[in-house]
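Asker: A single structure is presented below for examination.
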């Protein structure tokens, strides 16, 4: 179970409203490479990791991704706070406003709701960890796209932090994947065919 | 952000494998009235609650629903542990096994992956809280359906606990909804039209 | 079965083309809180209402929601009639036009097609009616969002009428829900656990 | 708008519970070639039919398809009435029961919820009517599949009636399509390119 | 199996960047009436065509539709090559860019990913071929919509070629459908009920 | 463009009908880790590979995956050929039969239609190739699951061949990924941030 600690992992204090950036950044909430899909991926995959270290690793990173979900949601909320209907129409965000008002709802940048089809759980630790490497690389890429779309340092600081965390997660997953590949004889019964 | 505490909110110790029950119970993981949809609903809706008490209420219940996700995932995992391919075919669970092995993946009982279309965030606290009342009632109903499908006390105990928590959440949401309806004059600017 | 009566429940006569408003209003056709999802919700839920009065109530409101579907479709059609390609591109409606021309197709404001995942049928009348209360509150909210996006009285009049109908439906559902909650002993067999 | 007439278009009186047939027949409610998708297809396409006769034709057939939705829902309800949990598990219908109890919810035979992606509205009457021909042929095919899965005359009679209605609708759509193809010079402005 | 021949079926050489047109044209890649849905429809339906000629026809047209997928993907790629972030934001294509950068991904014009729900395989050749007629008519319509949205001859030439191919496919499907309808006595066993 | 060569990449000659295996194997057609999702992933990602070698590699493997789609479709078709309605009901394949008869339609083992949400195109070659590594590992896993569900050598031979091809593709993708990571200075402009 989880305990809530009322603070963000990294501070989010955006002073300038930017409806267009809200629209793009929301993809890291509800999009295919977003933080919520990542959290759900790891927190479900952990059950079939072959060692306690693996279960702990996925629990740990999955829990951190929940904190990233909260950071992104806070960014979206701050970026849109107090927008007028006219501003929403100009920024083409009135489509989102129609259904969600100033609420925070997990869609991608085009407005498509999150689906679990974005991630896989196969029960095979090699396959799942390789998917996790890909997830981190893809999330990194989306952060890089977002960072080319703004010059606002209040936005860039948390995006940069989050991007850096993906790189660190990538290396942690890679290290564990290498470790279990070298131990594969021990898991032969469960995972017959290692590449 | 969240801190992980390595224990379940309520103990899950299922001694007897039951693949059919796993197939039904998984709906409370990835189904329309399941715990994951509930957690995501509350943790996203909290941003537009009109008082700190409301934000705290939704954070608190949302966080508890994450713990319920973990309980259900544990139940599914324990109910299927060590199943042979022949058993999976007989219980018609080999469809799930094909894609997910013995992993835990959020689908409903028919195998449809979770979608955020199962819940709403409207930015209006009255509407969102009424949806929360419905969510708790619907989750209660699904637990009652599940409880008619088994006699195993190891399964019934956590299901009964989870059902009871939904009832308690319902009353907590109702109490807060009544409170903000009586304060609605204070929120007039943001929420023009109260029913 | 239904008989078609060739008139609208409330007149729709929009004189001024407004492509942006068409794009937002279409969410009440094919969006999560829209009239079509509402009609389908009630017309399916009615089979398991515990009394004839309940079945009649859901049939009646479900049938009226079909009339609202028709009003919204007419609004969308009138708001876009005769638009030129250049106007469509400027209003960012050429995305819709590409696939649907000047046809009327049930999507939300972001262009996501209607899915039955937007509503639930649980077979439990308490749960289903609580969902119906939520549906009416959420639809009311979306109408209020839409009404902030325009000053055109030709658009505001039917929106205001439709919003008001949601409020009336809400109270009719609430009245019936209160009635069956007080009768719950009679339904004990079918619905074991009342909150 | 529509008026509800409290009778079915064709009588449905199924005396023998048959959970497996309920599971298959529900596809004509919520499946890709089902009655609900058909009703929604025609009732939305009607706005861009080029003549009053065409608008009336699609309204008329769309309204009849709503009556077919009601017949199929009634069949599903009668086929499952009074099933015990054990019977539901044996017939592999407890997956559906978990989420929907004895309620009627629009899914296909595999449990996938209805989506508007099953039908198209293009704004071009030639394209839309050709899709309507296909819809009727596909619905006919599914009725034929269903009729090979049972010998119960109580089930076969309404299925046979519904299949026959699809054939009649096919011919009505074909007749109108031929008529507007011969008039295509009159519509040149709107529909530049006829095949 | 297929062999790749490194050339396009028809040349695509677009000299002028046009982000808005890319956004619309991508619907013929991943949209409901697009080339990819068409290719998948025919290449799956071919297995149940009643004669070798039919199987060959669907294989042939299905293979050509794959070549059209490649043409559309090339158009999208050329139309967006070298766009700056500022240009992407102005053309409202930064939503797509956020998730996909300058990659080519199958969505419709509103950004909804391709789903197999866009096409049907019923196993009945009459039904499947009627759906194929509809598919060609609907694809033709979308090409006509696209051709009204641009004056650029570099874009119009391939669109016009692709539209023309749909017309030819329509006539090839119609010819074969007429042929098998006249032979229907031979297929009586498999297809009991011809309209 | 592609040329069709009327032969399978590897022979498929299944002599014994096996409806249950058909139901599981179809996941490699329309499921999340299936051959069709793989083919579409590579054939779309190829546009943004940084060298001609990369574009050729993805075209080549993507084209081979199309041949695998054809092998799987043939397996499904042969495994179900001539099934009676009673056999379909016993094997719980009558749900599929209701909608698709003996046709071949891309769903996963639970009957969920293919969606492009199963794969990503990010425009970043490092991210896309890491996803490709994951795709090959996940497909391998599903083949291993399928191989535990049958003893029929007619089924095992093509499954084993296909599994082996995934391993080979994995190594080809890895080799190319290593190559471009070492060349990353040359691509600095386009891909600013390499991990």
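For every residue, the table says whether it meets (1) over 25 Å from residue E:112 (Cα atoms); (2) more than 14 Å from chain D (Cβ to nearest Cβ); (3) modelled with pLDDT under 95.
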site: C:85; (1), (2), (3): no, no, yes
site: C:97; (1), (2), (3): no, no, no
site: C:100; (1), (2), (3): no, no, no
site: C:113; (1), (2), (3): no, no, no
site: C:146; (1), (2), (3): no, yes, no
site: C:152; (1), (2), (3): yes, yes, no
site: C:166; (1), (2), (3): yes, yes, no
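Asker: Condition first: under 26 Å from residue B:29 (Cα atoms) and either part of a loop (DSSP other than H, G, I, E, B) or more than 17 Å from the chain's Cα centre (by Cα) (or both). Can you find one or more residues in the stretch A:7-25 that meet it?
Answerer: Within the stretch A:7-25, the first condition is being under 26 Å from residue B:29 (Cα atoms), and the residues that meet it are none.
No, because not a single residue in the stretch A:7-25 is under 26 Å from residue B:29 (Cα atoms) and either part of a loop (DSSP other than H, G, I, E, B) or more than 17 Å from the chain's Cα centre (by Cα) (or both).
Asker: Which condition does residue D:120 not pass, out of (1) at the interface with chain C (Cβ under 9 Å from one of its Cβ atoms); (2) closer than 30 Å to residue B:138 by Cα; (3) buried (at least 23 other Cβ atoms within 10 Å of the Cβ), if it passes all the others?
Answerer: Only one criterion is unmet by residue D:120, namely (2).
Asker: Do we have residue A:91 as more than 7 Å from every other protein chain (Cβ to nearest Cβ), more than 22 Å from residue C:112 (Cα to Cα), in contact with a helix residue (DSSP H, G or I) (Cβ under 8 Å, 6 or more places away or on another chain) and touching a residue at least 60 places away in the same chain (Cβ under 8 Å) here? Walk me through how you get there before you give the answer.
Answerer: Working: more than 7 Å from every other protein chain (Cβ to nearest Cβ): yes; more than 22 Å from residue C:112 (Cα to Cα): no; in contact with a helix residue (DSSP H, G or I) (Cβ under 8 Å, 6 or more places away or on another chain): yes; touching a residue at least 60 places away in the same chain (Cβ under 8 Å): yes.
Spelling it out, it is not the case that residue A:91 is more than 7 Å from every other protein chain (Cβ to nearest Cβ), more than 22 Å from residue C:112 (Cα to Cα), in contact with a helix residue (DSSP H, G or I) (Cβ under 8 Å, 6 or more places away or on another chain) and touching a residue at least 60 places away in the same chain (Cβ under 8 Å).
Asker: Quick one: residue C:190 ticks every box in (1) within 14 Å of chain D (Cβ to nearest Cβ); (2) modelled with pLDDT under 95; (3) outside any loop (DSSP other than H, G, I, E, B) bar one, so which box is it?
Answerer: Result: residue C:190 fails condition (3) only.
Asker: A further question on this structure: Out of (1) touching a residue at least 24 places away in the same chain (Cβ under 8 Å); (2) over 20 Å from residue A:78 (Cα atoms), the odd one out for residue B:86 is which?
Answerer: The number of the failed condition is (1).
Asker: Quick one: count up the residues across the stretch E:142-166 that are part of a helix (DSSP H, G or I) and over 12 Å from the mean Cα position of the chain (by Cα). Full working, then the answer.
Answerer: Going through the stretch E:142-166, the residues part of a helix (DSSP H, G or I) turn out to be E:142-147, E:153-166.
Narrowing the set further to residues that are over 12 Å from the mean Cα position of the chain (by Cα) leaves E:144-147, E:153-158, E:160-161, E:164.
So the count comes out to 13.
Asker: Now for a separate question. Which one of the conditions (1) within 13 Å of chain C (Cβ to nearest Cβ); (2) in a helix (DSSP H, G or I); (3) in contact (Cβ under 8 Å) with a residue 24 or more places away in the chain does residue D:104 fail to meet, given that it meets all the rest?
Answerer: Result: residue D:104 fails condition (2) only.
Asker: If you go through the stretch E:115-128 one residue at a time, how many are under 16 Å from the mean Cα position of the chain (by Cα), in contact (Cβ under 8 Å) with a residue 60 or more places away in the chain and in a helix (DSSP H, G or I)?
Answerer: As a first pass, look at the stretch E:115-128 and keep what is under 16 Å from the mean Cα position of the chain (by Cα): E:115-120.
Those left that are additionally in contact (Cβ under 8 Å) with a residue 60 or more places away in the chain: E:116, E:118-120.
Of the ones still in play, those that are also in a helix (DSSP H, G or I) are E:116, E:118.
Residues flagged as under 16 Å from the mean Cα position of the chain (by Cα), in contact (Cβ under 8 Å) with a residue 60 or more places away in the chain and in a helix (DSSP H, G or I) within the stretch E:115-128 amount to 2.
Asker: Could I ask something else about it? Please verify whether residue D:137 is more than 14 Å from chain C (Cβ to nearest Cβ), in contact with a helix residue (DSSP H, G or I) (Cβ under 8 Å, 6 or more places away or on another chain) and at pLDDT below 95, treating the condition exactly as stated. Working first, answer last.
Answerer: Details: more than 14 Å from chain C (Cβ to nearest Cβ): yes; in contact with a helix residue (DSSP H, G or I) (Cβ under 8 Å, 6 or more places away or on another chain): yes; at pLDDT below 95: no.
In short, no.
Asker: Of the residues that make up the stretch D:177-187, is at least one in contact with a helix residue (DSSP H, G or I) (Cβ under 7 Å, 6 or more places away or on another chain) and within 11 Å of another protein chain (Cβ to nearest Cβ)?
Answerer: yes
Asker: All but one of (1) touching a residue at least 24 places away in the same chain (Cβ under 8 Å); (2) farther than 21 Å from residue A:96 by Cα; (3) assigned to a helix (DSSP H, G or I); (4) in contact with a helix residue (DSSP H, G or I) (Cβ under 7 Å, 6 or more places away or on another chain) hold for residue C:78; state the number of the condition that does not hold.
Answerer: Evaluating residue C:78 over (1) touching a residue at least 24 places away in the same chain (Cβ under 8 Å); (2) farther than 21 Å from residue A:96 by Cα; (3) assigned to a helix (DSSP H, G or I); (4) in contact with a helix residue (DSSP H, G or I) (Cβ under 7 Å, 6 or more places away or on another chain) leaves (4) as the failure.
Asker: Looking only at the stretch F:56-72, decide whether some residue is at pLDDT below 95 and surrounded by fewer than 24 Cβ atoms within 10 Å (Cβ to Cβ).
Answerer: no
Asker: Okay, next question. For the stretch B:1-55, what are the residues that are in contact with a strand residue (DSSP E or B) (Cβ under 9 Å, 6 or more places away or on another chain) and within 10 Å of chain A (Cβ to nearest Cβ)?
Answerer: B:1, B:2, B:3, B:4, B:5, B:29, B:30
Asker: Restricting attention to the stretch C:145-152, does a residue exist that is crowded, with 24+ Cβ neighbours inside 10 Å and more than 13 Å from residue C:22 (Cα to Cα)?
Answerer: Yes: one or more hits.
Rundown of residues vs (1) closer than 22 Å to residue B:107 by Cβ; (2) more than 11 Å from the chain's Cα centre (by Cα), yes/no style:
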site: F:37; (1), (2): yes, no
site: F:60; (1), (2): no, yes
site: F:69; (1), (2): no, no
site: F:80; (1), (2): no, yes
site: F:88; (1), (2): no, yes
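The values are calculated or read from the model by the stated rules, or taken from the named source; none is laboratory data. Everything numeric here is computed off the predicted structure, so don't read it as measured data. Every residue, glycine as well, gets a Cβ built from its backbone with ideal geometry; the counts of neighbours run over all protein chains shown.
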